[in-house]
Amino acid sequence: MNMKQAKVGFIGAGSFVSGYHLLTARDSRNMHIQAIADINEETLRVQTAKFHPTYVTTDYQRLLKDPDIDLIIIGTKHDLHAKLIIEALDAGKWVFCEKPMAQDDAEARAVLEACRRNRGRLAIGFNRRFSPAYRELKRLIQSTPKPWFFYYRQMCPYINKADFYYNQAHILYEGSHILDLAHWLMDALPVRLNMTGSLENNCVQMEFEDGSQFMLLCGTLGSYSYWKEQLEFCAENHAINIADMVDMRVRGWPGEFDRLFPPYLNEKKEEVLKYGFDFYDCLRSELVYRNKEFIQKWNIPMEHVRRPATLPPPYDIDEYRKENPELQIFFPDKGWRQSLIHFADCLLNGSEPENASGVDGAVSTEIAMALLDSLQKRQRVIFHSQFLTIAP
Ligand SMILES: NC(=O)c1ccc[n+]([C@@H]2O[C@H](COP(=O)([O-])OP(=O)(O)OC[C@H]3O[C@@H](n4cnc5c(N)ncnc54)[C@H](O)[C@@H]3O)[C@@H](O)[C@H]2O)c1
């Protein structure tokens, strides 16, 4: 029996989209890759060989005019996001766009107007809402009274001087993921904001009406040999720690256990579940350490993870590597795959998507703008959303 498939057109098929959304669309049962548009012909040649779309083009307008395409996936850099979303919605398509949705409040407003005048749904690629670890966190904390205190570290030390994002407002680009995560976990918007540091490295404080706090340390400091993201949650007699969306420690919920979440695409699932976070952490670092191409591409210094002699890793990494010669690097499960498959499912069965919506995309941009205002004024600012009132 043939399953219904959403016909998908990609606009922009660069490094992120080719490593994630194109793979998901190719390997999922609910999508068919109808077309890929990219201005780079070499990119089109490479992606054709790998993903076998029905056609490729350097003119994205061809996708918007194609009546067979149901869903447009936008993976260009952020400067084209708002414009392409509006054109795709006006062409009657459903749209999945990478973050950030908009570069400022004016763009966000224009996108929301396009959402209002069209029937197609818009999803923004805030995939952490679909990360299995964070979904479990959200489920657990519902039973705990607020105030809730969160501490989040998100450091991307691979952003170097040659990188497009170097010296740009980190909080609007990579940081926007965590602004959206805070909004989604709290189910409320902050009322006061403070940001210190520089454009690149920030300490962010978000205060909520009920006394809850969300602290975010984000930027480009740290070491690639260390895991990139860490979340801590505290409420009265309750605490949760999540390292890199893989290792979850749960305290204060009787009957609940600590948990481990397999990496993206279940790479080394059995071993991660058997040996735990130490295995994941050492192996991830070691694989990057040995991947000369990756190190050269990102220009990152790497080091061996050195464990105390009294605490040897539960495996011999050289032996392990000999047995698994195909091992490259791997990543935690940040929900990329699930968020896209879910959106395509909703398109096919007519249900309401749980993805971050246009309003969520607008809100994360306006929080980022207010934080940049706080940074510039060097003071705490009051936050009122023009796009959404505070959830009750
Ligand atoms: N959700 C996540 O975890 C995550 C991670 C990394 C990047 N991203 C997002 O993915 C997006 C792309 O980032 P990237 O690093 O892959 O960028 P990239 O530069 O590698 O890819 C962008 C592609 O868009 C193409 N393009 C540019 N203008 C175009 C046009 N007019 N028509 C068609 N194609 C066009 C470029 O040729 C390029 O291939 C960004 O928005 C970024 O924020 C998301």
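No lab work stands behind these numbers, since they all come straight from the coordinates. Computed from a predicted model, the values in this text were never measured in an experiment. Virtual Cβ from ideal backbone geometry, glycine too; neighbours counted across all protein chains shown.
Taking the Cα-to-Cβ direction at Leu265 and at Ile39 and moving 7 Å from each Cα, how far apart do the two end points lie in nm?
Distance between label points: 2.9 nm.
Can you bin segment 248-308 into rounded, prolate or oblate? Criterion: square roots of the alpha carbon gyration tensor eigenvalues sorted a ≥ b ≥ c, rounded for a/c under 1.5, prolate for a/b above b/c, oblate for the rest. Please list the in-between numbers first.
Working: a/c = 2.73, a/b = 2.21, b/c = 1.23.
Prolate is the answer for segment 248-308, as a/c is 1.5 or above and a/b outweighs b/c.
Debye sum, Cα scatterers, segment 29-175, no solvent: what log₁₀ I/I(0) at q = 0.15, 0.20 1/Å?
With no solvent term, the Cα-only Debye profile gives -0.99, -1.30.
Using the count of nearby Cβ atoms within 10 Å as a rough guide to exposure, how do Asp187, Asp333 rank from fewest to most? Walk me through the numbers before you get to the answer.
Values: Asp187 11, Asp333 25.
Least to most surrounded, the residues fall as Asp187, Asp333.
Here are some pairs, Lys7/Lys93; Lys50/Lys322; Lys268/Lys322; which of them have Cα atoms lying more than 22 Å apart in this structure?
Distance filter (> 22 Å) returns Lys50/Lys322.
With labels modelled as points extended 7 Å from the Cα through the Cβ direction, what inter-label distance (nm, one decimal) is found for Asp316 paired with Lys83?
5.8 nm
Quote the charge dipole size of segment 6-125 about the Cα centre in Debye, to the nearest 20; the model charges only the Cβ of Lys and Arg (+1) and of Asp and Glu (-1).
Details: 16 positive and 16 negative charges, 85 e Å.
I would put it at about 400 debye.
Which shape class applies to segment 244-392: rounded if a/c is under 1.5, otherwise prolate when a/b exceeds b/c and oblate if not, where a ≥ b ≥ c are the square roots of the Cα gyration tensor eigenvalues?
Working: a/c = 1.94, a/b = 1.65, b/c = 1.18.
Prolate.
What value does the chain have for Rg/Rh, both radii from Cα atoms and Rh as Kirkwood defines it? Working shown, then result.
Numbers: Rg = 21.3 Å, Rh = 22.2 Å.
Ratio of gyration radius to Kirkwood radius for the chain: 0.96.
Which part of segment 64-103 falls in the paramagnetic zone of Arg29, meaning amide N under 18 Å from the point 7 Å along Cα-to-beta-carbon?
none
For segment 234-282 and segment 323-379, what is the separation of their C-alpha centers, rounded to whole Å?
Using only Cα atoms, the two centres lie 21 Å from each other.
If you wrap a convex hull around the alpha carbons of segment 165-262, what volume per residue comes out, as a whole number of Å³? Let's see the in-between values first.
Numbers: hull volume 12.0 nm³, N = 98.
Enclosed volume per residue, from the Cα hull, is 123 Å³.
Calculate one ³J(HN,Hα) per residue across segment 6-21 by plugging θ = phi - 60° into the Karplus curve 6.51 cos²θ - 1.76 cosθ + 1.60, and present them in order as whole Hz with x for glycine and proline.
Values, residue by residue: 7, 8, 10, x, 9, 10, x, 10, x, 5, 5, 4, 6, x, 10, 5 Hz.
Rounded to the nearest 500, what is the 222 nm mean residue ellipticity of the chain from helices alone, with -39500 (n - 2.57) per DSSP H run of 4+ residues and division by all residues? Display every interim value, and only then the final one.
Working: 14 runs with 141 residues, N = 392.
The helix contribution divided over the chain gives -10500 deg cm²/dmol.
Using a 10 Å cut-off around each Cβ, can you sort Leu375, Leu179 from fewest to most neighbouring Cβ atoms? Could you put the intermediate results ahead of the total?
Details: Leu375 21, Leu179 29.
In order of increasing Cβ crowding within 10 Å: Leu375, Leu179.
If we sort 82-94, 350-362 on the protection proxy, mean other Cβ atoms within 10 Å, highest first, what's the order?
Values: 82-94: 20.8, 350-362: 19.2.
With the highest mean Cβ count within 10 Å placed first, the list reads 82-94, 350-362.
Excluding residues fewer than 8 places away in the same chain, name every one of the aspartates and glutamates whose C-alpha is closer than 14 Å to that of Lys99.
List returned: Asp79, Glu107, Glu174, Asp180, Asp360, Glu366.
Please order Leu216, Leu287, Leu273 by the number of other Cβ within 10 Å, starting at the fewest.
On the way: Leu216 24, Leu287 19, Leu273 15.
Ascending Cβ contact count within 10 Å gives the list Leu273, Leu287, Leu216.
What full-extension length gain, to one decimal in nm, is calculated for Ser198 and Asp59 as 0.36 nm per residue of separation minus the Cα-Cα distance? Numbers along the way, then the final one.
Working: separation 139, 0.36 × 139 = 50.04 nm, distance 3.83 nm.
Length gained between Ser198 and Asp59: 46.2 nm.
Starting at the first residue of segment 97-102, write each ³J(HN,Hα) from the Karplus equation 6.51 cos²θ - 1.76 cosθ + 1.60 with θ = phi - 60°, in whole Hz, x for Gly and Pro.
10, 5, 7, x, 5, 9
Apply the Karplus curve 6.51 cos²θ - 1.76 cosθ + 1.60, θ = phi - 60°, to the phi angles in segment 316-331 and return the couplings in whole Hz, x for Gly and Pro.
Result, ordered by residue: 9, 5, 5, 4, 4, 5, 4, 6, 10, x, 7, 4, 9, 9, 9, 10 Hz.
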